[in-house]
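Step one of this worksheet: look at the structure below.
The values are calculated or read from the model by the stated rules, or taken from the named source; none is laboratory data. The structure presented is a predicted model; accordingly, all values stated were derived computationally and were not measured. Every residue, glycine as well, gets a Cβ built from its backbone with ideal geometry; the counts of neighbours run over all protein chains shown.
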Amino acid sequence: MTSNGRIISLDKPLVMGIINVTDDSFYSGSRYKLGFRIAARAEQIIREGGSIIDVGACSTRPGAKPVSEQQELKRLAKALHAIRKKYPEAIISVDTYRSRVARMAVGDYRANIINDISAGELDPEMFSTIAELKIPYVLMHMRGTPETMQQNPTYDNVIREIITYLNGKIEQLKQLGVSDIIVDPGFGFGKTVDHNFSILKNLQAFRLFERPILVGLSRKSMISKTLGIPAAKCLNGTTALNTMALLNGATILRVHDVREATEAIKLVESTTRQPDYQYI
């Protein structure tokens, strides 16, 4: 995968650490506002083994109302300035569904990846912008909008429908000359708890795209609802599900807790590289 003339190796799974510069992201531990705290969080992500810093300035939690584009631009500019000042070579992903925000992030702050929860649905200019910027793009499945997505989401066959949707979007991007596409099935975005677990169980199905697979399971409600605990206590559950995702083909883990995700990758790699023995 190439970004701004730089090769991002995906030979082994990577960790994407989250920085939210918002007021209302679902997990309060990921929210940062002050420049020095944003820079400190970036330092923590890098120190704990994160390869990508994912910065978002507009909350997309279930039921969230979008902030104005101007507010998103203002928040994001402060965060990206703080990170780039201290870590000019960091790989930065920007979590946005607005093409103007994507253009600013890449043009002014050399963002390396655009992470779009809407797969271009919320801004018709996003795909052409990505093609013009020639930057890797995270293509995520979501049904509805953050405000409406959890209002009784239904599917006849959740895996087939997501694959069909993503395939159509990939073809659109390919026709525009976009080749560096990362697919994300969109855990928690227009899915019930059962839908989410079905996607996790069948994650290998998304390998048919022959694209990197990003999963965002970190402290999601599928964990808290299943275990009956708040997001703040969902680290153990997150690690368990991230491990399952890795075994089922995940390429990038988008997480709040970088060290634990990095350790999960190392342990899974240590297991999978062992030989298979004939014992019967």
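Residue-by-condition table, conditions (1) buried (at least 19 other Cβ atoms within 10 Å of the Cβ); (2) not in a helix (DSSP H, G or I):
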{"position": "His195", "(1), (2)": "yes, no"}
{"position": "Ala205", "(1), (2)": "no, no"}
{"position": "Arg211", "(1), (2)": "yes, yes"}
{"position": "Leu214", "(1), (2)": "yes, yes"}
{"position": "Ala240", "(1), (2)": "no, no"}
{"position": "Ala245", "(1), (2)": "yes, no"}
{"position": "Ser270", "(1), (2)": "no, no"}
{"position": "Gln274", "(1), (2)": "no, yes"}
{"position": "Tyr279", "(1), (2)": "no, yes"}
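Here are the criteria: (1) touching a helix residue (DSSP H, G or I) at 6+ places or on another chain (Cβ under 8 Å); (2) modelled with pLDDT under 80; (3) more than 21 Å from Val106 (Cα to Cα); (4) surrounded by 15 or more Cβ atoms within 10 Å (Cβ to Cβ). Tell me which single one Ser28 does not satisfy.
(4)
Which pairs have Cβ atoms under 8 Å, sit 6 or more apart or on different chains, and link a residue in the range 84-100 that is without any contact (Cβ under 8 Å) to a residue 60 or more places away in the chain and crowded, with 16+ Cβ neighbours inside 10 Å to one that is basic (Lys, Arg) and not in a helix (DSSP H, G or I)?
Within 8 Å, the pairs are Arg84/Arg110; Ile92/Arg110.
For Asp116, work out the one condition from (1) touching a residue at least 40 places away in the same chain (Cβ under 8 Å); (2) under 30 Å from Ile163 (Cα atoms) it doesn't fulfil.
All conditions pass for Asp116, except number (1).
(1) free of Cβ contacts under 8 Å to residues at least 40 places away in the same chain; (2) part of a helix (DSSP H, G or I); (3) not aliphatic (A, V, I, L, M): which one isn't true of Asp156, the others all being true?
(2)
Evaluate the following for Ile170: is it surrounded by fewer than 21 Cβ atoms within 10 Å (Cβ to Cβ) and free of Cβ contacts under 8 Å to residues at least 60 places away in the same chain? Please lay out each step first, then the result.
Details: surrounded by fewer than 21 Cβ atoms within 10 Å (Cβ to Cβ): yes; free of Cβ contacts under 8 Å to residues at least 60 places away in the same chain: yes.
Against the criterion (surrounded by fewer than 21 Cβ atoms within 10 Å (Cβ to Cβ) and free of Cβ contacts under 8 Å to residues at least 60 places away in the same chain), Ile170 qualifies.
State whether one or more residues within the range 206-219 are over 20 Å from Ile265 (Cα atoms) and among the hydroxyl-bearing types (Ser, Thr, Tyr). Step through it out loud before you land on a result.
Our first condition is that a residue be over 20 Å from Ile265 (Cα atoms); within the range 206-219, this holds for 208-210.
From what is left, the residues that are among the hydroxyl-bearing types (Ser, Thr, Tyr) are none.
No, the range 206-219 contains no residue that is over 20 Å from Ile265 (Cα atoms) and among the hydroxyl-bearing types (Ser, Thr, Tyr).
Do you know which residues across the range 216-226 are assigned to a helix (DSSP H, G or I) and among the basic types (Lys, Arg)? Write out each step before concluding.
Narrowing the range 216-226 to residues assigned to a helix (DSSP H, G or I): 221-226.
Hit for the range 216-226 is Lys225, nothing else.
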